[in-house]
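J.: Okay, handing you the structure first.
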Amino acid sequence: MAAPEEKPRRGIYLLPNLLTTTALFAGFYAIVAAVDGNFEAGAVAIYVAMVLDGLDGRVARLTATESDFGKEFDSLSDMVCFGLAPAVVVYQWGVARLAEYSIAWGRVGWLVAFLFAVAAAMRLARFNSSPGSQDKRFFVGLASPSAAGMVAGFVWLSVRHDIAGLGGLALAFFITAMAGALMVSNLRYYSFKELNLGSRISFPYLLVIPLVLILISLEPPVVLFTMFTGYALSGPAFWLWRRRRRKEAKA
């Protein structure tokens, strides 16, 4: 008979919650930077928050300091970092300027930014309330950090390569809306939770990590935006593949 899972302990532990607090600071800084017009720094801060968010949970598990407080604190931090911050950054960068073309564009622009924040809140609530017995290999809906990475990547790319005008602004609007829709969708995304960092791997696979880091260092906004957009599109692609397989099986 399998042993029952240990419930997170009550209490506040320094190291994992310090990482969560630092991630929350990065998300807050992204909002402040966007308000000040420093959009590149705001986009980078969201990626910094993403790295710290990935570390706090792992540190808590490795040091056996998981707690109910840490879980709730992490979720609230995620809402700021990957819900509010990307919405404010993309709105301040250019969606607000859609009003220069027409009042309708301006209203749609702030509405899309708000709906992204709402979608992130709903995605986090669904994740927190999901049963522990579900398949941990997959997420249902695009995870909020990935959606934030796509939006922040486009803003960073636009600032670095001077993408402006109505076409660039409309594209920002479309990407933000698509990211929000994918978060609340029922599409399945591979979670990578099955990857064991302590397991043995072959030498060629070891070269993938430095190769990716080199590519990111050469052109960070292009590579990061491409990576997160590709991951976001993997959900619809996987759904289409499964649908095709089902049709072939019935034929």
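The values are calculated or read from the model by the stated rules, or taken from the named source; none is laboratory data. This structure is a prediction, so every number in the text was calculated from the model and none was measured. Backbone-built Cβ (ideal geometry, glycine too); neighbour counts: all protein chains shown.
J.: Look through ASP56, ASP74, ASP78 and report the one residue that is among the charged types (D, E, K, R), in contact (Cβ under 8 Å) with a residue 24 or more places away in the chain, touching an Asp or Glu at 6+ places or on another chain (Cβ under 9 Å) and within 20 Å of MET150 (Cβ to Cβ).
T.: The unique qualifying residue is ASP78.
J.: Additional query: I need a count of the residues in the stretch 150-189 that are under 19 Å from VAL222 (Cα atoms) and among the basic types (Lys, Arg).
T.: Residues in the stretch 150-189 being under 19 Å from VAL222 (Cα atoms) and among the basic types (Lys, Arg): 1 in total.
J.: Do we find a residue being on the phi < 0 side of the Ramachandran plot, of a type outside the set (Phe, Trp, Tyr) and at pLDDT 80 or above anywhere in the stretch 94-104?
T.: Looking for residues that are on the phi < 0 side of the Ramachandran plot, of a type outside the set (Phe, Trp, Tyr) and at pLDDT 80 or above, one finds at least one in the stretch 94-104, hence yes.
J.: With the checklist (1) more than 11 Å from the chain's Cα centre (by Cα); (2) of a type in the set (Ser, Thr, Tyr); (3) within 15 Å of LEU224 (Cα to Cα) in hand, flag the one item SER130 doesn't pass.
T.: Only one criterion in (1) more than 11 Å from the chain's Cα centre (by Cα); (2) of a type in the set (Ser, Thr, Tyr); (3) within 15 Å of LEU224 (Cα to Cα) is unmet by SER130, namely (3).
J.: Answer with yes or no whether SER129 is surrounded by fewer than 19 Cβ atoms within 10 Å (Cβ to Cβ), closer than 24 Å to SER77 by Cα and small (Gly, Ala, Ser).
T.: yes
J.: Here's something else I'd like to know. Could you say whether any residue in the stretch 14-32 is in a helix (DSSP H, G or I), small (Gly, Ala, Ser), surrounded by fewer than 22 Cβ atoms within 10 Å (Cβ to Cβ) and touching a helix residue (DSSP H, G or I) at 6+ places or on another chain (Cβ under 7 Å)?
T.: no
J.: Can you say whether TYR91 is within 27 Å of MET227 (Cα to Cα) and at pLDDT below 95, as far as the supplied structure shows?
T.: Yes, satisfied.
To keep it simple, each residue is scored yes or no on (1) surrounded by 13 or more Cβ atoms within 10 Å (Cβ to Cβ); (2) small (Gly, Ala, Ser); (3) in a helix (DSSP H, G or I); (4) at pLDDT 90 or above.
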residue	(1), (2), (3), (4)
MET150	yes, no, yes, yes
SER158	yes, yes, yes, yes
ALA170	yes, yes, yes, no
ILE175	yes, no, yes, yes
SER185	yes, yes, no, yes
GLU194	no, no, no, no
ARG200	no, no, no, no
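Quick grid of which residues meet (1) farther than 24 Å from ALA125 by Cα; (2) outside any helix (DSSP H, G or I); (3) among the polar types (S, T, N, Q):
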position: TYR47; (1), (2), (3): no, no, no
position: MET50; (1), (2), (3): no, no, no
position: ALA60; (1), (2), (3): no, no, no
position: ALA64; (1), (2), (3): yes, yes, no
position: GLY70; (1), (2), (3): no, no, no
position: CYS81; (1), (2), (3): no, no, no
position: PRO86; (1), (2), (3): no, no, no
position: VAL90; (1), (2), (3): no, no, no
position: TRP105; (1), (2), (3): yes, no, no
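J.: Please tell me if GLU40 is under 17 Å from TRP156 (Cα atoms) and of a type outside the set (Ser, Thr, Tyr).
T.: yes
J.: Among the residues in the stretch 33-40, are any of a type outside the set (Asp, Glu), in contact (Cβ under 8 Å) with a residue 60 or more places away in the chain, in contact with a helix residue (DSSP H, G or I) (Cβ under 7 Å, 6 or more places away or on another chain) and closer than 26 Å to VAL184 by Cα?
T.: No, every residue in the stretch 33-40 fails to be of a type outside the set (Asp, Glu), in contact (Cβ under 8 Å) with a residue 60 or more places away in the chain, in contact with a helix residue (DSSP H, G or I) (Cβ under 7 Å, 6 or more places away or on another chain) and closer than 26 Å to VAL184 by Cα.
J.: Still on this structure: Identify all residues within the stretch 48-65 that are surrounded by 13 or more Cβ atoms within 10 Å (Cβ to Cβ) and in contact with a Leu (Cβ under 7 Å, 6 or more places away or on another chain); write none if there are none.
T.: LEU52, LEU55, ASP56, VAL59, THR65
J.: Of the residues LEU142, LEU115, which is touching a residue at least 24 places away in the same chain (Cβ under 8 Å), in contact with a strand residue (DSSP E or B) (Cβ under 7 Å, 6 or more places away or on another chain) and either hydroxyl-bearing (Ser, Thr, Tyr) or closer than 21 Å to PHE228 by Cβ (or both)?
T.: None of the other options fit; the residue is LEU142.
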